[in-house]
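Here the structure is laid out as structure tokens; the discussion comes afterwards.
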Amino acid sequence: MAEVDLGALRRNVERLRRIAGPKVALYGVVKADAYGHGAAAVGKVLGPLCDALAVSLVEEGLELRAAGIKGPIVVLGAYYDRYQSEVLEHDLTPVVYDRGDLERFGEAPVRRRPAAVGAPVAIHLKVDTGMNRLGVPVDELPAFFERARAFPRVRIEGLCTHLASADLADAAVTKAQLRLFARALGVARPRAPHLATIHAANSAAAVRFPEARFDAIRPGLALYGAMPSVLVARPDLEPVLNLRTKIMAVHDVKVGQGVSYGGAWRAQRRSRVATLPVGYADGYPRHVRGAQTLVRGSRAPVAGAVCMDMMMIDVTDVPGATLGDQVTLIGGDQGTGAAAPISIDELALWAGTVNYEILCGLSKRVPRIYTATAAR
């Protein structure tokens, strides 16, 4: 069970707004099912608090619309295939990165929303400033804007880029990207009379590089109480998600006996091993090393390979551990003397991955329970 604290989410938005300042808009990123927190539920909370929501895929935007969310939604991923009409009909704001999509949006018919027929098509243009993933190169911008003149219905209302290294120690890469983006702005401003929103800052850049905030920031991970590296860590942000389960079986293991597939974990002493109904199909990483859980306020290590639907933990040193006890995989336990909470970053370290992957990997079969705690 994933417990999602919507109160913490709201407070993280407030903190990020204070960091960015009153004149900077906030685009709340809810792609990848709101980083595993549940896009519809999270989007309903963030919608009134943010100036816009941001997704990666058209399908993610349509899910939010189906949930009744009516505010601005920006599609950052920029892959539309042949669904330009659906983007317009559901009032999504597309980010485009090449002339082909500019042309397709300029020519796209609007079939299911008659009121939108002939209406201006607002787009944001993505500029490649060095990540070499998506975007129009700065040197090709004059030709892009010249081509855009053939589609007067299209209004370029936003200009954006993606900063690839804002969380790394060497700030020179980010500063070089920002200089290149400044060149792009110099090209765009006289050619795009409707240009209103400039945005570049992800979570790391939003807190570390004030010059990257422009008109709007695009926090994703930070909304959920995590940051991409210790360099940009923010102790004031609250983790939004706890992952918990219950012990479904407890059994004794003799010295030398193996546990789980391959028997790589073998009891060095007479041990008590508990089985949990959680596995890598739920999003708990299979290849963890040295991973721990919380049971009755104590740390209990993972024993053996994580299975698809189950995992085992060593509760030998947890007095009284028994069937039905709560086990915390991410988050903290209640009570005086409880061991330190297990953070997303700690689990990512045990799994040899990044905290993004842990959150986004939580599968749909994990129930989400929504609460709203008061400020601590």
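The values are calculated or read from the model by the stated rules, or taken from the named source; none is laboratory data. Because the structure is predicted, anything quoted here is derived from the model rather than measured. Neighbour counts run over all protein chains shown; Cβ positions are idealised from the backbone, glycine included.
The table below lists the values:
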| item | result |
| --- | --- |
| Residue satisfying all of: in the range 203-228; among the charged types (D, E, K, R) and either outside any loop (DSSP other than H, G, I, E, B) or not assigned by TED's automatic domain parsing to the domain that holds Ala8 (or both); nearest to Ala8 (Cα to Cα) among these | Arg208 |
| Residues that are of a type in the set (A, V, I, L, M), without any contact (Cβ under 8 Å) to a residue 40 or more places away in the chain and closer than 17 Å to Leu125 by Cα, drawn from the range 61-109 | Ile73, Val75, Val87, Leu88, Leu92, Val96 |
| Qualifying residue in the range 293-304 (condition: buried (at least 19 other Cβ atoms within 10 Å of the Cβ), assigned to a loop (DSSP other than H, G, I, E, B) and outside the structural domain of Leu26 (by TED's automatic domain parsing)) | yes |
| Filter result (of a type outside the set (Ser, Thr, Tyr), buried (at least 18 other Cβ atoms within 10 Å of the Cβ), touching a residue at least 60 places away in the same chain (Cβ under 8 Å) and in a strand (DSSP E or B)) within the range 305-336 | Val327, Leu329, Ile330, Gly331 |
| Conditions (1) within 25 Å of the chain's Cα centre (by Cα); (2) surrounded by fewer than 22 Cβ atoms within 10 Å (Cβ to Cβ); (3) of a type in the set (Gly, Ala, Ser); number of the one not met by Gly106 | (1) |
| Enumeration of residues in the range 265-278 that are surrounded by fewer than 17 Cβ atoms within 10 Å (Cβ to Cβ) and under 34 Å from the mean Cα position of the chain (by Cα) | Pro277 |
| Some residue of the range 46-57 being closer than 30 Å to Gln326 by Cβ and assigned to a loop (DSSP other than H, G, I, E, B) | no |
| Which listed residue, of Arg133, Arg155, Arg149, is closer than 14 Å to Leu102 by Cα and exposed (fewer than 14 other Cβ atoms within 10 Å of the Cβ) | Arg149 |
| Scan of the range 275-290 for residues that are assigned to a loop (DSSP other than H, G, I, E, B) and closer than 16 Å to Tyr261 by Cβ, ordered by number | Val278, Gly279, Tyr284, Pro285, Arg286, His287, Val288, Arg289 |
| Subset of the range 188-229 (residues that are more than 11 Å from Tyr27 (Cβ to Cβ) and out of contact with any helix residue (DSSP H, G or I) (no Cβ under 8 Å at 6 or more places or on another chain)) | Arg189, Pro190, Pro193, His194, Ala196, Pro210, Phe214 |
| Single residue of the range 233-264 satisfying the filter (in a loop (DSSP other than H, G, I, E, B) and surrounded by 15 or more Cβ atoms within 10 Å (Cβ to Cβ)) that is farthest from the chain's Cα centre (by Cα) | Ser260 |
| Filter result (under 14 Å from the mean Cα position of the chain (by Cα) and of a type in the set (Gly, Ala, Ser)) within the range 41-74 | Gly43, Ala54, Ser56 |
| Candidate set from the range 103-119 (those that are outside any loop (DSSP other than H, G, I, E, B) and at pLDDT below 80); member that is nearest to Asp139 (Cα to Cα) | Ala116 |
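Residues are listed down the side, and each one gets a yes or a no for (1) among the charged types (D, E, K, R); (2) assigned by TED's automatic domain parsing to the domain that holds Pro22; (3) part of a strand (DSSP E or B):
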site	(1), (2), (3)
Asp101	yes, yes, no
Phe151	no, yes, no
Gly158	no, yes, yes
Ser165	no, yes, no
Thr174	no, yes, no
Leu178	no, yes, no
